[in-house]
Amino acid sequence: MLQKLILATGIGAALYLVRNLYVIFLQLPDEAAQGAIYRVFYFHLPGYLTAATCFLLAGIFSVLYLTTKRFKWDSLAAAVTEVGLPFAAMNLITGMIWGRIIWGIWWTWDPRLTAALISALVYAGYLMLRNAIPEPTERAKNSAVLAIFAFAGVIFTYKSNEWFRTQHPGPVLTIRTGGGTIDPQMEWMLAHNLLALLMLAGVLIAIRWNQEERRRQIESLRREALAYSI
Amino acid sequence: MIAAALQVARKDLTSELRTKESLNAALSLTVVLLLLFSFAFDPTSEETRQWAGGLLWLVYSFAAVLIVSRAFARELPNDCLEALRASPVPASSIFLGKALASFLLLLGVELTALPAFAVFYNVNVGAHPLALAAALGLATWGLVVIGTTFGAVTVNLQLRELMLPVLIYPLTIPALIAAIELTGASITGAPPLSIWYRLLAGFDIIFTALALGLADVILTD
């Protein structure tokens with residue numbers, strides 16, 4: 001049943017994305033100041049928000065693991081981090097493409113860009129640390145500690161960036177600005193694509209979570225078999 | 001808790017000052033790096049002042065990894081870490097003591113390397129002594145807190161020496177940026193911005209609190 005639900009959501013997300021791409025490329029007009037390139041924004045911001053959601057969840061699941069010591073939270077934290085990273089990459093890459101056209105450079109050491117890169121590096125370190133620890137309890141505990149530090153670090157970097165002058169365009173969503181800076185049709189499209197990406201992320205997380213739980217079962221069976229053989 | 005932490009720090013400092021294993025390595029590494037950077041950049045040009053602060057803190061952060069990686073690894077032979085955990089000292093005291101010892105060692109290395117840096121690169125580092133002192137004190141503590149935490153997290157790993165820098169450098173970037181700015185201000189004579197002091201203080205408070213709160217979890221299996 002759960003498998004079917006995951007499959008159905010996956011197909012739904014795929015169809016939704018196709019529909020969104022159709023609207024983005026063929027129905028919405030070019031942006032007044034930027035022309036066609038503004039369309040990467042439909043993946044730039046939703047990608048960022050999806051990644052941020054994943055990293056926030058990773059922090060929450062890690063705290064839950066440390067308080068309950070139940071392995072399902074650890075598997076979930078691993079799954080959301082692993083799924084969050086490609087979305088962070090989507091955010092960085094679309095941002096670079098946009099920067100090449102609008103700013104004329106692929107990368108600038110703007111605080112927001114730097115912060116996004118730092119958080120991607122920190123979470124890549126998280127996955128490396130997981131791979132480096134063979135013992136499940138030790139791995140769960142240590143990676144949970146890292147996830148909590150990482151989340152505090154990311155918030156810290158992000159907030160500290162708001163104090164600096166930045167080259168990055170300011171917020172456009174009505175929820176941040178009170179309206180008036182973005183066409184409602186375009187903002188609506190952003191919400192659509194965010195939903196599509198979140199669905200996709202949800203499906204990927206469910207699959208990865210399943211795999212992680214299976215892997216743990218196999219590991220414990222293997223240890224049990226080893227104990228009997230001695 | 002503080003008294004026990006001071007005991008742990010004293011023990012660590014005594015054993016380090018007797019063997020000098022990480023001190024010697026960190027000191028010679030800083031000199032070698034200062035030498036190497038002089039080939040990458042022209043150390044006599046006027047522009048040196050602009051990036052000298054960043055260069056100095058890169059050198060310091062390399063030294064920091066050498067120092068903090070020993071903090072817990074030192075306890076591995078003869079299972080001293082197990083004995084330390086079994087002792088009636090709270091985990092947060094062990095952690096605080098180790099961080100304190102690493103802090104003093106790293107500060108010693110930094111203060112020794114500072115005159116060498118000033119001489120090699122022909123810069124006056126003391127235009128704003130307060131900014132320099134804040135950078136040295138607060139950023140070093142920030143580096144040491146993150147480093148000690150992840151030194152403890154990675155202490156049982158085979159890939160310990162590889163994982164530690166990968167984990168701590170990205171996390172220490174905010175503190176390093178602030179330290180670079182303050183040190184840079186002290187070298188060029190530009191007025192230091194108060195935001196960097198606040199950034200460093202906030203960084204230290206948040207991560208010290210997190211590390212002490214999680215010390216129990218990190219140090220017990």
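The values are calculated or read from the model by the stated rules, or taken from the named source; none is laboratory data. Here the structure is a predicted model, which means the values were calculated and not measured. We place every Cβ from the backbone using ideal geometry, glycine too, and count neighbours over all the protein chains shown.
Just one of (1) without any contact (Cβ under 8 Å) to a residue 60 or more places away in the chain; (2) part of a helix (DSSP H, G or I) fails for B:GLN7. It is (1).
Within the set B:THR220, B:THR172, the sole residue that is facing chain A (nearest Cβ under 10 Å), among the β-branched types (Val, Ile, Thr), out of contact with any Phe, Trp or Tyr (no Cβ under 6 Å at 6 or more places or on another chain) and surrounded by fewer than 17 Cβ atoms within 10 Å (Cβ to Cβ) turns out to be B:THR220. Scanning the stretch B:107-119 for residues that are over 13 Å from the mean Cα position of the chain (by Cα) and surrounded by fewer than 17 Cβ atoms within 10 Å (Cβ to Cβ) yields B:THR112, B:PRO115, B:ALA116, B:ALA118, B:VAL119.
To keep it simple, each residue is scored yes or no on (1) free of Cβ contacts under 8 Å to residues at least 60 places away in the same chain; (2) loosely packed, with under 15 Cβ neighbours inside 10 Å.
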| position | (1), (2) |
| --- | --- |
| B:MET1 | no, yes |
| B:VAL32 | yes, yes |
| B:ARG49 | no, no |
| B:LEU100 | no, no |
| B:LEU104 | no, no |
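Within the stretch A:42-58, does at least one residue satisfy the condition of being within 14 Å of chain B (Cβ to nearest Cβ) and buried (at least 21 other Cβ atoms within 10 Å of the Cβ)? Yes - at least one qualifying residue is present in the stretch A:42-58.
Okay, residues lined up against (1) within 11 Å of chain A (Cβ to nearest Cβ); (2) surrounded by 17 or more Cβ atoms within 10 Å (Cβ to Cβ):
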site: B:ASN124; (1), (2): no, no
site: B:LEU130; (1), (2): no, no
site: B:ALA135; (1), (2): no, yes
site: B:ALA139; (1), (2): no, yes
site: B:GLY147; (1), (2): no, yes
site: B:ALA152; (1), (2): yes, yes
site: B:LEU159; (1), (2): yes, no
site: B:LEU162; (1), (2): yes, no
site: B:PRO165; (1), (2): yes, yes
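Scan the stretch B:178-212 for residues that are within 24 Å of B:VAL68 (Cα to Cα), at the interface with chain A (Cβ under 9 Å from one of its Cβ atoms) and either in contact with a Cys (Cβ under 8 Å, 6 or more places away or on another chain) or surrounded by fewer than 22 Cβ atoms within 10 Å (Cβ to Cβ) (or both) and the total you get is 3. Applying the condition of being free of Cβ contacts under 8 Å to residues at least 60 places away in the same chain, surrounded by fewer than 17 Cβ atoms within 10 Å (Cβ to Cβ) and assigned to a helix (DSSP H, G or I) to the stretch A:129-151 and asking which residue is farthest from the other protein chains (Cβ to nearest Cβ) yields A:ASN131. Scanning the stretch A:98-128 for residues that are part of a helix (DSSP H, G or I), more than 11 Å from chain B (Cβ to nearest Cβ) and either touching a residue at least 60 places away in the same chain (Cβ under 8 Å) or aromatic (Phe, Trp, Tyr) (or both) yields A:TRP98, A:ILE101, A:ILE102, A:ALA116. When you scan the stretch A:99-120, do you find a residue that is over 26 Å from B:ILE177 (Cα atoms), out of contact with any His (no Cβ under 7 Å at 6 or more places or on another chain) and of a type in the set (Val, Ile, Thr), even just one? The answer is yes; a qualifying residue exists. Among the residues of the stretch A:25-45, some residue qualifies, meaning at least one is under 27 Å from B:PRO174 (Cα atoms) and of a type in the set (A, V, I, L, M, F, W, C).
Residues in the stretch B:64-83 that are in contact (Cβ under 8 Å) with a residue 40 or more places away in the chain and part of a helix (DSSP H, G or I): 11 in all. Just so you know, in the stretch A:89-118 the residues that are among the small types (Gly, Ala, Ser) and more than 17 Å from the chain's Cα centre (by Cα) include one that is surrounded by the most Cβ atoms within 10 Å (Cβ to Cβ), and it is A:GLY99. Against the test of being assigned to a loop (DSSP other than H, G, I, E, B), modelled with pLDDT under 90 and of a type in the set (Ser, Thr, Tyr), the options B:SER15, B:SER22, B:SER45 yield a single qualifying residue, B:SER45. Screening B:ALA209 with (1) assigned to a helix (DSSP H, G or I); (2) without any contact (Cβ under 8 Å) to a residue 60 or more places away in the chain; (3) farther than 25 Å from B:GLU82 by Cα gives one miss only, at (3). Filtering the stretch A:20-36 to residues that are in contact (Cβ under 8 Å) with a residue 60 or more places away in the chain and under 18 Å from A:ALA191 (Cβ atoms) leaves A:ASN20, A:VAL23, A:ILE24, A:LEU28, A:GLU31.
Only one of A:LEU64, A:LEU57 is assigned to a helix (DSSP H, G or I) and without any contact (Cβ under 8 Å) to a residue 12 or more places away in the chain. Can you tell me which?
Being assigned to a helix (DSSP H, G or I) and without any contact (Cβ under 8 Å) to a residue 12 or more places away in the chain holds for just one of A:LEU64, A:LEU57, which is A:LEU64.
Here A:MET90 meets each of (1) out of contact with any Ser or Thr (no Cβ under 6 Å at 6 or more places or on another chain); (2) under 12 Å from A:HIS168 (Cβ atoms) with one exception, condition (2).
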